[in-house]
Amino acid sequence: APGRAAPEQAASGSGGPASGVASPDGVVPVPVSVRPVPGTAYTLSKDTRIFTQPGSAQAEEVGAYLAGVLRPSTGYALPVTAAGAGARGGISLLLTGADPVIGSEGYRLDVTTGAVVIRARTAAGLFNGVQTLRQLFPPEIESATVRPGPWTAPGTRIVDHPRFSYRGAMLDVARHFHPVETVKRYIDRIALYKINHLHLHLSDDQGWRIAVDSRPRLTAHGGSTQVGGGPGGFYTKEQYRQIVDHAARRHVTIVPEIDLPGHTNAALASYAELNCDGVAPPLYTGTVVGFSSLCTTKESTYVFVKEVLDEIAALTPGPYLHIGGDEAKATPLDQYAAFMNRTQPLTVATGKTVMGWHQIGEPGVRHSPGRVAQYWGLTASDPLVTGAVSQGARVVMSPANKTYLDMKYTRETVPGQRWAGYIEVRDAYDWDPGSYLDGVPASAVLGVEAPLWTETISTEKQIEYMAFPRLPAVAELGWSPWTSHDWEAFRHRLAAQGPRWTTMGIDFYRSPQVPWR
Ligand code: TNX
């Protein structure tokens, strides 16, 4: 049954044969329904073919992605062709018509002795099925070099679909800049856990990280440093497009954030006119928050905001534009509301839906159609969120004491902060996004997001260490039905992921709460 982890065979050391048949009970996030078919199993061979829905370029792309995942470790050719009369055996990725059970992102996965078939209504559904299939093969399937196998998945019938449509991760590339390759690898990793949004925190006091043609000093000057005084960096438009494109192939939507009107020292340092006194402050490389504000009473500020948002929106295919709005402690509240009441319509005019930290729920800020408030507080009730929801806002849940990946696990954790408390794996897992906030019904919750702020995090190894295993915990909250929520079962499922992460070269936190093998 879903949510019940069975003991599995121990992982082998590196280089040896694969560790045996993975259990269907080891999948994260746990699927809605898993029915093992005892005595049956599917084994990949050098002759295995991948068949995709005829006439669907998108299904073919998912097939190519799957082949790309399986080829390095198996060494097999795994040709991808359209399913047709001659198609027999192999792995088939097929689009079906109406299927109310699985919805737009769900899938049905059947592993039998002769074949694997994934059926979904959309390519996103096929992609999600592929992530489950991946986890049914032994962990060594993730190896970047050829391994001996055998590559066997247990016979199983899985029916699966997500609880929430927004399943997010956030990476702060402003406090410490992180290069394109790091972001791409992070996308690959979050996709394994069916996370479908990556929120990029592209600007803050310490750095501006995205090229804006009309304002070249934002990157030339504002992008030239970071926390601690390193060289910083920024994405050219072409690099940002590469990130968007890489994400799209993994069915991940990029949510760009330009944090306004606070968290703007890098912009203020780059353009003196954005300051009320007309004087540009120096660049900032510390970690204090809440000291900067665009000058909300100057017309030139809104010319700036419009130019920036127009260019970012034009580069971004996804529906959301995140305008920050948090910790604007240097902006008087009436000016904050006036600023947001102009900036939200400027955002809508770009064709995007407003997303912001939950301070956009301040009573003086008007509702904007479909807007999304991201809750990052520490309490189980919040008047700003309740107010915004009563006007029709939807909520993405990122309570800092549950989902903040920059919080230390324990006192001993080297990187990270502690202002929201220590967050062990169980803390990250054991809460219900659908009922956590008083006055916010599950129907108002769009989903969950795990933010990774990077004041103390400068390397990819540190990103991995802080994200794993808490990110998969939050991913399961976003995907799996609450009826299958079960810490005992989850910690065993996580344990099954350990050898997979080791094979992938992910440096994870070996929490004593998890029975790693
Ligand atoms: C609070 S959470 C912030 C960020 C910091 C983070 C550090 C939020 C919307 N603002 O500016 O980076 O804490 O944990």
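The values are calculated or read from the model by the stated rules, or taken from the named source; none is laboratory data. Quantities reported herein were computed from a predicted structural model and do not represent experimental measurements. Note that each Cβ is placed from the backbone with ideal geometry, even for glycine, and that neighbours are counted across all protein chains shown.
Quick look at the values:
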| item | result |
| --- | --- |
| Candidate set: the range 284-335, residues that are within 16 Å of the ligand (Cβ to nearest atom) and β-branched (Val, Ile, Thr); chosen: the one farthest from the chain's Cα centre (by Cα) | 331 |
| Conditions (1) modelled with pLDDT under 95; (2) of a type outside the set (Ser, Thr, Tyr); (3) buried (at least 17 other Cβ atoms within 10 Å of the Cβ); number of the one not met by residue 305 | (1) |
| Scope the range 447-493; condition more than 15 Å from the ligand (Cβ to nearest atom), assigned to a loop (DSSP other than H, G, I, E, B) and buried (at least 19 other Cβ atoms within 10 Å of the Cβ); matching residues | 468, 469, 480 |
| Candidate set: the range 243-285, residues that are small (Gly, Ala, Ser) and within 21 Å of residue 213 (Cα to Cα); chosen: the one surrounded by the most Cβ atoms within 10 Å (Cβ to Cβ) | 267 |
| Long-range neighbours under 6 Å by Cβ, at least six apart or interchain, first residue touching a residue at least 60 places away in the same chain (Cβ under 8 Å) and of a type in the set (A, V, I, L, M, F, W, C) within the range 447-463, second within 14 Å of the ligand (Cβ to nearest atom) and part of a helix (DSSP H, G or I) | 450/403 |
| Condition met for residue 312 (crowded, with 22+ Cβ neighbours inside 10 Å and out of contact with any Pro (no Cβ under 6 Å at 6 or more places or on another chain)) | no |
| Residue count for the range 494-517, restricted to those that are in a helix (DSSP H, G or I) and under 20 Å from residue 410 (Cα atoms) | 3 |
| Matching option when the condition is more than 22 Å from residue 241 (Cα to Cα), modelled with pLDDT of 95 or more and of a type outside the set (D, E, K, R), among 266, 313 | 266 |
| Test for residue 281: is it more than 16 Å from the ligand (Cβ to nearest atom) and either at pLDDT 95 or above or assigned to a loop (DSSP other than H, G, I, E, B) (or both) | yes |
| Residue match in the range 176-191 (condition: part of a loop (DSSP other than H, G, I, E, B), aliphatic (A, V, I, L, M) and surrounded by fewer than 24 Cβ atoms within 10 Å (Cβ to Cβ)) | no |
| Strands (runs of 3 or more DSSP E) enclosed by the range 51-151 - at least 1 residues per element that are among the aromatic types (Phe, Trp, Tyr) and in contact with a Ser or Thr (Cβ under 8 Å, 6 or more places away or on another chain) | 107-111 |
| Selection count where residues are under 16 Å from residue 325 (Cβ atoms), of a type in the set (A, V, I, L, M) and touching a helix residue (DSSP H, G or I) at 6+ places or on another chain (Cβ under 8 Å), scope the range 390-416 | 2 |
